[in-house]
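No lab work stands behind these numbers, since they all come straight from the coordinates. Keep in mind that what you see is a predicted model, and the values were worked out from it rather than measured. Quick reminder, even Gly has a Cβ in these numbers, built from the backbone with ideal geometry, and neighbours come from all protein chains shown.
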Amino acid sequence: MARSKPPNLHNKKVLIVGLAKTGMAAAQFLLKQGATVTAADVNSKKSTVLTNANKLQSMGVSVELGPHETQTFTNADLIVLSPGVPHTISPIVEAQSKNIPVIGETELASQFIDIPIIAITGTNGKTTTTELTGDMLRQSGKRVFVGGNIGMPLTELLMSDQTFDIAVVEISSFQLDTIKTFCPNVAILLNITEDHLYRYSDMTAYAHSKFKLFQNQGSNHIAILNGQDDYCLAGYSTLKSKIYWLDRDNAACEKQSIHCQSKILTTPLGSCFDMSKTRLIGHHNRQNIAAAILASQFMGGTADGIQETINTFKGLAHRVEYVSTINGISFYNDSKATNVDATLKALTCFNTPIRLILGGLDKGGDYARLIPEIQKTVCECILIGQAQQIIKKALKAHHKISHIPIHHSKTLDDAVNHAYSNACCGDIVLLSPACASFDMFDSYNHRGDTFKNSIRQLIK
């Protein structure tokens with residue numbers, strides 16, 4: 001929510017770095033503010049970048065593609081950095097040394113927004129919780145903008161013809177790296193586990209980025225954290241906001257905690273919600289639902305509206321998504337599991353034999369963390385992608401699962417065919433890669449859709 005008068009950007013020289021979705025939205029918004037806009041992207045051959053560059057040029061934006069020119073950065077009055085661009089690149093460092101402000105699209109938009117904001121971050125579960133919260137508030141009669149790191153960039157809210165009561169915003173660590181004044185009314189931190197370590201020096205740096213979500217909150221703001229997460233427990237004492245917990249096992253915090261495993265969830269506000277009809281499986285989804293309930297209640301969500309979402313929300317594609325059952329063999333698509341912790345959570349959802357498809361582009365995760373859950377339910381590991389040998393080495397180093405076969409597949413289609421050919425009635429075939437997708441696919445969506453298409457081919 002805008003805490004002061006929005007900045008006057010008329011005739012200001014603003015540089016947009018990155019011509020993907022957020023860069024495009026920021027550029028269009030800045031043009032409406034009367035700014036003189038330049039856009040730069042190192043990708044001079046990528047088709048989407050070229051298409052976007054042509055669109056921006058037709059609007060009067062100067063475009064620079066290819067290696068960055070430092071002078072372009074140091075000549076700007078303001079730089080708006082897209083989330084995919086590290087803030088440590090040398091032209092940015094040079095601009096900051098000259099006191100040129102560098103912000104992200106989320107920070108830019110927040111300086112102009114005058115409605116309450118719920119902001120949601122965490123290594124895993126952000127999108128599900130964001131969509132749950134948005135739906136609970138819509139079911140309660142609120143006019144809700146849902147976007148940020150998913151769907152529509154936040155500046156789209158400012159350019160929309162619609163009127164909104166509340167903004168529910170998913171925000172990534174990359175977006176948090178460039179905030180200055182962003183201050184959500186309700187801020188949710190779901191968890192912090194290994195991810196993006198190619199971009200952060202260590203887990204401490206990554207956790208520090210996540211905690212920036214709360215840095216501008218005061219005593220009249222709400223913070224919701226995971227009471228079972230070590231990083232949440234280690235960092236909460238610095239917060240100035242009013243804190244509520246998911247599954248905090250501490251008598252002193254009992255009145256501020258919601259216990260997510262209960263069949264009836266009782267919130268710190270005294271409301272009770274029946275979880276018996278939810279379609280989302282796994283304890284992690286219970287925590288996602290609980291966080292959404294709390295946030296919605298604080299922003300005026302009704303008991304009936306919240307319960308309706310609990311009963312009817314179907315879940316999102318590529319997140320422990322049930323696909324089909326063929327000859328008693330069930331297939332689940334968890335392509336969004338791009339890190340080890342996400343795969344761990346997926347494995348805890350089942351208690352029948354799993355043929356687990358793992359692998360992709362390695363992100364530096366500790367695959368040995370999978371071993372206790374693999375030991376419980378996995379009857380075969382099927383490896384794909386660049387990380388195959390890294391994963392195999394991590395798993396084979398532990399004798400406890402030496403009896404579990406490991407199969408290598410060249411393609412995801414081969415992996416599906418192998419799993420189906422060797423599975424027994426009652427088995428589950430689970431794609432939960434614990435890796436990024438970019439070695440074989442355009443995105444995790446592409447990977448998940450390919451998995452589902454391979455399953456469809458089995459039926460023919």
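With a ≥ b ≥ c the root eigenvalues of the C-alpha gyration tensor of region 13-100, is it rounded (a/c under 1.5), prolate (a/b larger than b/c) or oblate? Oblate, since a/c reaches 1.5 and b/c is not below a/b.
Taking θ as phi - 60° and the Karplus parameters 6.51, -1.76 and 1.60, the scalar couplings of region 130-143 work out to 4, 5, 4, 4, x, 5, 4, 6, 5, 5, 8, x, 8, 8 Hz in sequence order, x denoting glycine and proline. Listed by chain and number, the aspartates and glutamates placed with their C-alpha closer than 16 angstrom to that of residue 255 are 247; residues fewer than eight positions away on the same chain are left out.
Proximity of backbone amide H atoms, modeled 1.01 Å from N, is registered between residue 43 and 66 at under 5 Å, excluding neighbours fewer than 5 places apart on the same chain.
Rounded to two decimals, what ratio of Rg to Rh does the chain give with C-alpha atoms and a Kirkwood Rh?
On the way: Rg = 22.9 Å, Rh = 23.4 Å.
Checking Rg against Rh, the ratio lands at 0.98.
Bridges between two residues of region 320-460, per DSSP, are antiparallel at a rate of about 25%. Magnitude of the charge dipole for region 13-100, about its Cα centre and with charges confined to Cβ atoms of Lys, Arg (+1) and Asp, Glu (-1), is about 260 debye. Within region 238-336, the ratio Rg/Rh, alpha carbon atoms throughout and Rh by Kirkwood, equals 1.05. Fewest-first ordering of 264, 329, 166, 150 by other beta carbons within 10 Å of each residue's beta carbon gives 264, 150, 329, 166. The string of couplings for region 337-346 from the Karplus curve (6.51, -1.76, 1.60, θ = phi - 60°) is 6, 9, 8, 4, 4, 4, 5, 4, 5, 5 Hz, one whole number per residue in order, with x for Gly and Pro. Region 346-399 and region 100-166 have their alpha-carbon centroids 35 Å apart. Within the shell defined by Cβ-Cβ distances under 14 Å, the residues around residue 389 carry a net charge of +2, with Lys and Arg each +1 and Asp and Glu each -1.
Note on 413, 362: ascending count of other Cβ atoms within 10 Å places them as 413, 362, the fewest first. What the phi angles of region 296-309 give under the Karplus curve with 6.51, -1.76 and 1.60, with θ = phi - 60°, is a coupling list of 5, 4, 5, 9, x, x, 8, 4, 5, x, 5, 4, 4, 5 Hz, glycine and proline written as x.
Put a dot 7 Å past the Cα of residue 366, heading toward its Cβ, do the same for residue 425, and the two dots end up 4.2 nm apart. Computed over the alpha carbons of region 76-161, Rg followed by Dmax gives 15.7, 49 Å. Modelled label positions at residue 11 and residue 352, each set 7 Å beyond Cα in the direction of Cβ, lie 7.0 nm from each other.
For residue 224, the residues whose modelled amide H falls within less than 5 Å of its own, excluding neighbours fewer than 5 places apart on the same chain, are 187, 188, 189, 244.
What shape does region 359-460 have by the C-alpha gyration tensor, where a ≥ b ≥ c are the square roots of the eigenvalues, rounded means a/c under 1.5, and otherwise prolate means a/b greater than b/c and oblate the rest? Don't skip to the end; give the middle numbers.
Values: a/c = 2.10, a/b = 1.20, b/c = 1.76.
Verdict is oblate for region 359-460.
Each stretch of four or more DSSP H residues adds -39500 (n - 2.57); spread over every residue of the chain, this sum gives -10000 deg cm²/dmol at 222 nm. Computed over Cα pairs, the Kirkwood radius of region 107-312 leads via Stokes-Einstein (0.890 mPa s, 25 °C) to a diffusion coefficient of 145 µm² per second. Taking amide H atoms as placed 1.01 Å from N in the peptide plane, the amide H of residue 359 lies under 5 Å from those of 384, 434, 435, each 5 or more residues away in sequence or on another chain.
For residue 277, the lysines whose Cα comes closer than 20 Å to its Cα, not counting residues fewer than 8 places off in the same chain, are 263, 314. Between residue 438 and residue 453, the simple label model (points 7 Å from Cα in the Cβ direction) yields a spacing of 2.2 nm. Within region 1-55, the trypsin sites (Lys or Arg not before Pro) that combine a DSSP coil assignment with at most 10 other C-beta atoms in a 10 angstrom radius are 45.
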